[in-house]
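The values are calculated or read from the model by the stated rules, or taken from the named source; none is laboratory data. Please read these numbers as outputs of a predicted model, since none were measured by experiment. FYI the Cβ positions are ideal-geometry reconstructions off the backbone, even for glycines, and counts take in every protein chain you see. Just the protein is used for accessible areas: all its heavy atoms, side chains included, with ligands, DNA and RNA removed. Shrake-Rupley method; radii C 1.70, N 1.55, O 1.52, S 1.80 Å.
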Amino acid sequence: MKTDRASMIAFDLNPRLEGDSHPVIDLELCAVRLMKDANYPWLLLIPRRKDLIEIIDLDPTERAKLMEEIGTVSEALKTATNCEKLNVAAIGNVVSQLHVHVVARFREDPAWPAPVWGAVPPVPYEGSKANDLISALQEALSE
């Protein structure tokens, strides 16, 4: 599922997405990134293509690939976190570059059962927790 560096596609990552997240892995279509918010294990899938705003901007083959990668990343996140629910959304009202959120949810998380956006301020990961989660996700997604 992982791509090698030689086959990576050049694209411009929105500075806000880049600043708010850590790189995890590049899949065939999407860059996968972990949001810098320990309140929720929260991944972004960003198709590595230029000038995409909506899912419908992808051709039909790439739309199918996006859905496949959402499923694969969702499975990896659920396994890594043992979450109770997954929220998946492509909103893009603040950052228009096409990106899909995959958020692991727990009944005790600060926003439950409401959406995570704006519920509480982001909390940075402590110590090696972000790196530990990234490593677990990379292992699951490299198989």
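Miscellaneous remarks
- For the chain, the mean residue ellipticity at 222 nm estimated from helices alone is -9000 deg cm²/dmol, where every DSSP H run of n ≥ 4 contributes -39500 (n - 2.57) and the total is divided by all residues, rounded to the nearest 500.
- Dipole magnitude of segment 86-143, debye to nearest 20 (Cβ charges: Lys/Arg +1, Asp/Glu -1, about Cα centre): 240
- Taking the chain and dividing mean pair separation by its residue count, relative contact order in percent (alpha carbons under 8 Å, at least six apart): 27
- Which labelled figure in [x] -0.82, -1.09; [y] -0.71, -1.09; [z] -0.73, -1.21 is log10 I(q)/I(0) by the Debye sum over Cα atoms at q = 0.15, 0.19 Å⁻¹, once derived from the coordinates: [z]
- Chain lengthening between N14 and K85 when straightened (0.36 nm per residue, less Cα-Cα): 22.8 nm
- Largest first, the residues K65, K85, K129 sort by 1.4 Å accessible area into K129, K85, K65.
- Segment W117..I55, full-extension length gain: 20.3 nm, with 0.36 nm per residue of separation and the alpha-carbon distance subtracted.
- Ordered from largest to smallest accessible area (heavy atoms of protein chains, 1.4 Å probe), the residues Y40, Y125 come out as Y125, Y40.
- Sites listed here are GluC sites (Glu not before Pro) in segment 22-82 whose DSSP assignment is loop and whose Cβ has at most 11 other Cβ atoms within 10 Å: E54.
- Accessible area in the full protein assembly, largest first, 1.4 Å probe, for V123, V100, V94: V94, V123, V100
- Once the Cβ-Cβ distance of S128 and E108 is raised to the sixth power relative to R0 = 30 Å, the FRET efficiency obtained is 0.85.
- Gaussian network model of the chain, Cα within-10 Å springs - most flexible of P60, P110, P47: P60
- Derived from the Cα gyration tensor, the three semi-axes of the equivalent ellipsoid of segment 80-143 are 21, 17, 13 Å, largest first.
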